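Scroll down for the structure; my scribbles are underneath it.
The values are calculated or read from the model by the stated rules, or taken from the named source; none is laboratory data. These numbers were taken from a predicted model, which means no experiment stands behind them. Because the Cβ atoms are built from the backbone with ideal geometry, glycine has one as well, and the counts that use them run over all protein chains shown. Note: accessible area is taken over every heavy atom of the protein model, side chains too, but ligands, DNA and RNA are not part of it. Shrake-Rupley method; radii C 1.70, N 1.55, O 1.52, S 1.80 Å.
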Amino acid sequence: VLNVNVGVLGHIDSGKTALARALSTTGSTAAFDRAPQSRARGITLDLGFSCLRTALPPQLGPGPGELQLTLVDCPGHASLIRTIIGGAQIIDLMMLVIDVTKGMQTQSAECLVIGQIACQKMVVVLNKIDLLPEGKRQSAIEKMTKKMQKTLENTKFSGCPIVAVAAKPGGPEAPESENPQGISELIEVLKSQAYLPSRDPSGHFLMAVDHCFSIKGQGTVMTGTILSGSVSLGDNVEIPALKVTKKVKSMQMFHTPVTYAMQGDRVGVCVTQFDPKLLERGLICTPDSLHTIHAAIISLKKIQYFRGALQTKAKFHITVGHETVMGRVMFFSPAPANFNEEIQENVFDFEKDYLYQEQYLSKDSVSSEENKENDQAGEVQLPKQQWALLEFEKPVTCPKLCLVIGSKLDTDIHANTCRLAFHGVLLQGMEDKNYTETFLPKLKVYKQKHKEGQVERVMDDYSVIGRSLFKKETNIQIFVGLKVKLSTGEDGIIDGGFGQSGKFKIRIPDGLKPDTKTLLTAVSKKKSKGGKGDMTKEDESSKNDSAQPVAISLVFKRYVFDTQKKMIQS
């Protein structure tokens, strides 16, 4: 039996469950009246899983065999995001269910976004065609089909099959005798779209358990889908949420005892002395293969349909592995010189310097002010890759390299906006609770600082007094030795404070240029002349006409996580 997992997604009330039910019953009666118990269990396998078995289509190999489509009915919304992300690695084919009388709705768009992140192939199902008046039905279906094709044009599902059905004619209240329409055609389409999924038995065993129950005299059975790796009879498996390890006593697939199962398989695993009430849903895995982390570094991309900027320090719902928790983000990018460098995938280099960003850089985040200037200069420079530091409100248990999605689930469910904000890959988790002390100092993210002041007066050819660069209360000692530049071109070094009001002395190793000196003495002469208290109108105007004061600029960078807050100049 070849198993292909089909995710059933769509806006609330588009008829996902009715469709799954119609498919699994049509499927099971047609294909195997001979196995009444599987038909009886066709839908009760668990919450969101039901099966449909049919003959193996020719493109999947010659000879007898069966294709089993496991329908993963992804319920309501928040759990949809969790379910799919958890099952992202194992959903091979996605059915996007659309209510034909409504067309694309908010969550259909979100499902589409998730599909693009998680899945390779899609079939669109236009449901509830029984609600269209007979005479106009065909034209309405054609119109909606065209509309959907247009919507999908710029996604990776461009040109995917679109099938019209009525999963439960007459709606939920109608008698069972009403036969669904279009289901056998849909099954043919699903068969034509089925492919041999790439499965990988290597790597750590990880299984998403969606059901847990006990069988008298046997033990506790956990059924679920294997997300990665494989499992054999007698293996030890860990239930990380409960920190217990159990031995696999027996396993079943499709009511048949087996000794081995691998990624993508749907399997029941039996262990002893474990109370099923403790685990309804969750993960089980190779002992010690998951880590529980308090923070993480991820590489990420913004989801184009999300409106608004992604701001540093903002909170998002972060879905990672099988959990969704609140987390705070801090975005950073390569240093500007490395914006175009190709970045190695799935690793994070702690040796490099990174630039702190107030928000994720995207075409729309670069403000209009800058655009005006940049228009002449051509395209806005965006880095090839950006990262974020995520800090979770409570620790999360997840695999080492896993998919991460950030969303704003607290947005009004009826608001017509996409709530998924970004997706990425977890590159480095921080398991230490005190990661701010033990781990973050290794992360070299810096802020570029720029301070401006003016020259107050000349002391001699090699030194000047400056003002307005520091506040009165600043400890100028920590700035001693930093380089500054005068707007007239000289380089200087901060030598120390001068007096009590935040003024300071600058040493000019190469000496002041004659022009600068003239400029500065002219400015200070005017001042001293006007200082007698008998300032006339002419003097005042001539003072304003006099040269601009000479500016002093101080540029340095400071690492965000440096405990000593050192200032560094290149």
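So here's what we get for this one:
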read-out	value
Candidate residues H423, H11, H450: accessible-area rank, largest first, probe 1.4 Å	H450, H423, H11
Sites T438 and S553 - FRET efficiency at Förster radius 51 Å, r taken between beta-carbons, to 0.05	0.90
For T155, solvent-accessible area (1.4 Å; no DNA, RNA or ligand), Å²	20 Å²
For the range 159-302: accessible area per residue (Å², 1.4 Å)	46 Å²
Förster radius 60 Å - calculated FRET efficiency between T292 and Q454 (Cβ-Cβ, nearest 0.05)	0.65
Of all accessible heavy-atom area on the range 206-285, the percent that carbon and sulfur account for (1.4 Å)	54 percent
Net charge of neighbours whose Cβ lies under 13 Å from the Cβ of Q500, counting Lys and Arg as +1 and Asp and Glu as -1	+3
Theoretical FRET efficiency, 1/(1+(r/R0)^6), r = Cβ-Cβ of H255 and L278, R0 22 Å, to 0.05	0.30
Accessible surface, 1.4 Å probe, highest first, among residues I114, I343	I343, I114
Contour minus Cα-Cα distance for S139 and K102 (0.36 nm per residue)	11.8 nm
Per-q log10 I(q)/I(0), the range 206-285, q = 0.11, 0.21, 0.26 Å⁻¹ (Debye; single scatterer per alpha-carbon; no solvent)	-0.22, -0.88, -1.47
Semi-axes of the equivalent ellipsoid for the range 109-219, Cα gyration tensor, largest first, Å	33, 24, 13
14 Å beta-carbon shell around G511, net charge (K/R +1, D/E -1)	-3
The range 206-285, relative contact order in percent, only Cα pairs under 8 angstrom and at least six apart counted	42 percent
Largest-first ordering by accessible area, 1.4 Å probe, given options L389, L233	L233, L389
Computed accessible area, L361, all protein chains, 1.4 angstrom probe, square angstrom	30 Å²
Heavy atoms of E490: accessible area, 1.4 Å probe, square angstrom to 10	10 Å²
